[in-house]
1. Quick check on the stretch 67-78. Is at least one of its residues of a type in the set (Ser, Thr, Tyr), in a loop (DSSP other than H, G, I, E, B) and either closer than 22 Å to SER237 by Cα or open to solvent by less than 30 Å² (accessible area, probe 1.4 Å) (or both)?
2. I'd like the full set of residues that are buried (at least 24 other Cβ atoms within 10 Å of the Cβ) and part of a loop (DSSP other than H, G, I, E, B), limited to the stretch 170-188.
3. Take the stretch 299-315 and flag every residue that is under 26 Å from the mean Cα position of the chain (by Cα) and open to solvent by 40 Å² or more (accessible area, probe 1.4 Å).
4. Here is a check on your reading of the model: is TYR210 over 20 Å from ILE94 (Cα atoms), among the aromatic types (Phe, Trp, Tyr) and away from the ligand (no atom under 14 Å from the Cβ)?
5. Give the residue that is most open to solvent (accessible area, probe 1.4 Å), with candidates limited to residues of the stretch 106-143 that are farther than 25 Å from GLU349 by Cα and assigned to a helix (DSSP H, G or I).
6. Taking the condition of being among the small types (Gly, Ala, Ser) and over 14 Å from SER237 (Cβ atoms), how many residues in the stretch 196-213 meet it?
7. Can you find, within the stretch 212-248, the residue that is least open to solvent (accessible area, probe 1.4 Å) among those that are among the polar types (S, T, N, Q) and not in a loop (DSSP other than H, G, I, E, B)?
8. Could you please give the count of residues in the stretch 144-169 that are touching a residue at least 60 places away in the same chain (Cβ under 8 Å), open to solvent by less than 30 Å² (accessible area, probe 1.4 Å), over 22 Å from LYS124 (Cα atoms) and within 16 Å of the ligand (Cβ to nearest atom)?
Amino acid sequence: MPGFELFGDLERSEVNDVLDNGVLMRYGFDGMRNGHWKAKELEAELTKTFQTNHVQLVSSGTAAVSVALASAGVGAGDEVIMPTFTFVASFEAIMMLGAIPILVDIDATLTLDPKAVEAAITPKTKAVMIVQMCGSMGDLDALQHVCTKHNLLFIEDACQAIGGTYKGKPLGSIGDLGCFSFDFVKTITCGEGGAVITNNKDYYINADHYSDHGHDHVGNDRGAETHPFLGYNFRISELNAAVGLAQVKRLPEFIAIQKKHYTILREAISSVPGVTFRKVPEGGEESYAFLNFFLPDLEAARKTSQAFKESGVDVCWNYYDNNWHYVREWHHLKDAKSLYPLSSEIKEELVKLKNKDFSQSDHYIGRNISCLIKLSWTEAEVVARANKMVEAIKASI
Ligand SMILES: *Cc1c(COP(=O)(O)O)cnc(C)c1O
């Protein structure tokens, strides 16, 4: 991560195809576009990447989560279980539909603890949404088991985990629906963009219509199309899809670079007593987009973070005090600071967050350091970084 580091001729050539005929929209204008259908081509490519039957491109990863939930019928008053460690997009996408985000603890995998999920289920629970944070995954068999037992949808937000696998299957392809982001800082980028993937044809058709105002996409006269149900506009543009089409072809190369850099850093710091690593479930292989490790306590993690900064080790974070990724600092959420009225059901749940006990999540996030793995580093830079990291950690614990 991120794919923009290796932006080049392939991306430029795909974008030029679109500029040559000027059809920036993914639907219609068949005669003008000289056979260029970048969004359709990217969807076809992604069905292979994700080994899935259907892919619907949308305008962002956040839109992908809303569209996935809506396509499976999740809406007003339904509870969606999600982890305390994620990106703010998770609760935004749930609340956009009038559904209620229910935050639950994470475990050593840095995502949903299956026991905490089961304890949070109520008669209103409709879906469990795992967020495969920082290139890895939760215990997917155990979570799938809980969902099957309680007849709940299982949704994967795999926005940060493209290229990771579980028991040979791509992350994102395991649940009922999977969501991806191709924003500017993700492993492959469209500038802005996202995708919903599923093997369920009905969900796919719903996602296709819903993300384009409910248009049925029958025939080739947009003006004559009917609307079987209400929708929104979450379309991706041809320009964005063109960039993604170039980037997805480079995904194996990106993952190989990530793995190489990750392995050098991991081997170096694993020799430091007191350092342990995030749990990867049996049968799982990370995407190597991040290296996540634990220190003995919060104080050591904070000291290490500071020592990293002082020695020039950038793109590493302890998320305990971070307001993008961890519940502790989501004050706008806990205070329900919305521009427009929220339903009383949502407000009641948000207020509860202020006093909810997330000490189990604190235990993991407080001790964790998450380092982004960049594609543009040279091998010499990675080795120098590894040495600095070892020194900084040793000095802090
Ligand atoms: C980036 C990200 C999103 C949102 O994607 P956007 O394309 O930026 O809207 C959602 N979930 C996770 C885990 C992300 O990292």
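The values are calculated or read from the model by the stated rules, or taken from the named source; none is laboratory data. Predicted model only: the values in this text are computed from it and were never measured. Reconstructed Cβ throughout: ideal geometry from the backbone, glycine too, with neighbour counts over all protein chains shown. Please note that ligands, DNA and RNA were not included when accessible areas were found on the heavy atoms of the full protein model with its side chains. Shrake-Rupley method; radii C 1.70, N 1.55, O 1.52, S 1.80 Å.
1. Taking the stretch 67-78 and keeping what is of a type in the set (Ser, Thr, Tyr), we get 71.
After this cut, where a residue has to be in a loop (DSSP other than H, G, I, E, B) as well, the list is none.
Within the stretch 67-78, none of the residues are of a type in the set (Ser, Thr, Tyr), in a loop (DSSP other than H, G, I, E, B) and either closer than 22 Å to SER237 by Cα or open to solvent by less than 30 Å² (accessible area, probe 1.4 Å) (or both).
2. Narrowing the stretch 170-188 to residues buried (at least 24 other Cβ atoms within 10 Å of the Cβ): 171-172, 175, 177-182, 187-188.
Of everything in the stretch 170-188, those that are buried (at least 24 other Cβ atoms within 10 Å of the Cβ) and part of a loop (DSSP other than H, G, I, E, B) turn out to be LEU171, GLY172, GLY175, PHE182, THR187, ILE188.
3. Those that are under 26 Å from the mean Cα position of the chain (by Cα) and open to solvent by 40 Å² or more (accessible area, probe 1.4 Å): ARG302, ASP314.
4. When the stated conditions are applied, TYR210 does not pass them.
5. Across the stretch 106-143, the extreme among qualifying residues is ASP141.
6. Within the stretch 196-213, the subset among the small types (Gly, Ala, Ser) is 207, 211.
Of the ones still in play, those that are also over 14 Å from SER237 (Cβ atoms) are 207.
Going through the stretch 196-213 one residue at a time, the tally reaches 1.
7. Of the residues in the stretch 212-248, the ones among the polar types (S, T, N, Q) are 220, 226, 233, 237, 240, 247.
If we keep only those that are not in a loop (DSSP other than H, G, I, E, B) as well, we get 233, 240, 247.
Numbers: ASN233: 73, ASN240: 43, GLN247: 0 Å².
So the residue we want is GLN247.
8. 5
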